[in-house]
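A quick write-up on the structure given underneath.
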């Protein structure tokens with residue numbers, strides 16, 4: 001997760017970090033699918049109740065949220081890459097240098 005926060009602490013975005021986040025996106029999507037499938041297998045085979053059921057559902061929801069966050073991060077990194085390559089596309093506000 002360090003690669004996710006590093007770029008946010010500096011004004012200058014690192015092109016390599018952006019490319020790494022985008023490159024990892026398919027692997028993260030695969031993890032999400034795998035964890036979701038395993039959760040459904042647990043639900044079907046074990047028929048969990050009470051606390052166990054809550055844990056499985058919480059993990060499934062958390063993984064979905066993390067994957068969505070990673071998708072958003074990858075989209076932002078793609079936009080930053082375009083902005084670095086074509087700075088004329090960025091609209092400046094009055095008073096910006």
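Where a number appears in this text, it was derived from the coordinates with a stated rule and is not lab data. Not measured: the values here are computed from a predicted model.
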Sorted largest first, the Cα spans of the range 2-85 on the principal axes come out in Å as 52, 21, 16
Between the range 12-52 and the range 70-94, how far is it from one alpha carbon centroid to the other, in angstrom? 26 Å
